[in-house]
Amino acid sequence: MKNINVLIVDDEPLAREIIQTHLSKIPNWTVVDTCINAEEAFETLLKSEIDVVFLDIQMPVITGIEFLESLQNPPLVIFTTAYSEYALKGFELNAVDYLLKPFTFARFYQTVEKVNKKLELQNDVSKTPQKEVTYLFVKHDGKLLKLDFSDILYIKAEQEYSSVFKTNGTLLVSMHLKLLETLLPEKQFTRIHRSYIVPHEIITSVYGNTVQIGTDIQLPIGSKYKEELLHKLQIK
């Protein structure tokens, strides 16, 4: 069996420690990271390949349920909580299991077996085509906000932040332009400059080293990005 990468998300140090201790007894299961809140977990999912998440529900700012609902293609999730009343909601979100704290190693191992069987099934069954993603969740003011691709006019780098210029205003997000470039679908968006990303669909003209968006927005094209832009727009 291949190695299974695990993320633990819980604001209680003891809870994280117990899960880590249990996992140390399970072969091929590796803890990639531990996080104290949903924001940290979001960062880990962006930079690491995670197969399984042990996710607490009652956390400050963004709950475990809200966090899972925000993910487009989440890993397998096991909810860990002291509150039984969230069980139904957890299974509605396709959680593999619901561990009620405090739980024994025997109960924990049952969950591990469920995950192993589910991963084996996923490997055996060919994946169905995924529908096209039309949105992205971005970090703004300590929250994860849904950003529809169709609302984006262009994105501008602001040092460690990025300004998303939309059809209905501007949104400053706590994400570097390079990170947004990797998250946005390549077939729909292009980096045209070290400071700008634009959607292909609303480009109205390209002349010299300038891109025109709509009737009144003009953005510069960086020399190192021009060839790729012209290729994507099928301009020879």
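Worth a mention:
- Euclidean distance of C-alpha centroids, region 1-44 and region 142-182, integer Å: 30 Å
- Under DSSP loop assignment and at most 12 Cβ neighbours within 10 Å, longest GluC sites (Glu not before Pro)-free interval of the chain: 50-131
- Considering only S162, S195, S205, the Gaussian network model of the chain with Cα springs below 10 Å gives its largest mean-square fluctuation to S205.
- Most mobile listed residue (D56, D148, D216) in the chain, GNM with C-alpha springs under 10 Å: D216
- In percent, rounded to a whole number, the relative contact order of the chain is 10, using alpha-carbon pairs under 8 Å and six or more apart.
- Karplus 3J(HN,Hα) series, Hz, for region 57-65 with 6.51 cos²θ - 1.76 cosθ + 1.60 (x for Gly, Pro): 9, 7, 10, x, 6, 10, 6, x, 5
- Computed over the Cα atoms of region 4-124, the ratio of the radius of gyration to the Kirkwood radius (Rg/Rh) comes to 0.92.
- Distance histogram in 5 Å bins (all Cα pairs of region 135-232, percent per bin): 3, 13, 26, 27, 18, 9, 3, 1, 0
- Among the chymotrypsin sites (Phe, Trp or Tyr not before Pro) within region 38-126, those in coil by DSSP and having at most 13 neighbouring Cβ atoms inside 10 Å are Y83.
- Counted by Cβ distance under 11 Å from D97, the other residues give a net charge of +2, where Lys and Arg count +1 and Asp and Glu count -1.
- From phi via Karplus (6.51, -1.76, 1.60), per-residue ³J(HN,Hα) for region 160-169 in Hz, x at Gly/Pro: 7, 10, 9, 9, 9, 8, 10, 5, 10, x
- Over region 4-124, relative contact order from alpha-carbon pairs under 8 Å, at least 6 apart, %: 21 percent
- Rg(Cα)/(2.2 N^0.38 Å) for the chain, N = residue count: 1.21
- Within region 136-215, trypsin sites (Lys or Arg not before Pro) in DSSP loop having at most 13 other beta-carbon neighbours inside 10 Å: K187, R194
- The residues neighbouring G142, those whose beta-carbon lies less than 14 Å from its own, together hold a net charge of -3 under the Lys/Arg +1, Asp/Glu -1 convention.
- Sparsely packed loop sites in region 15-124 (the trypsin sites (Lys or Arg not before Pro) outside DSSP H, G, I, E and B with at most 13 other Cβ atoms within 10 Å) comprise K25.
- Net charge, S223 excluded, C-beta distance under 14 Å - Lys, Arg +1, Asp, Glu -1: +2
- Over region 43-100, Cα pairs under 8 Å with separation of 6+ residues give a relative contact order of 32 percent.
- Gaussian network model of the chain, Cα within-10 Å springs - most flexible of V52, V173, V61: V61
Read the figures in this text as sums done on the coordinates, not as results from a lab. Just so we're clear, the structure is a prediction, and the values are computed from it rather than from any experiment. Here Cβ is always computed from backbone atoms with ideal geometry, including for glycine, and neighbour counts include all displayed protein chains.
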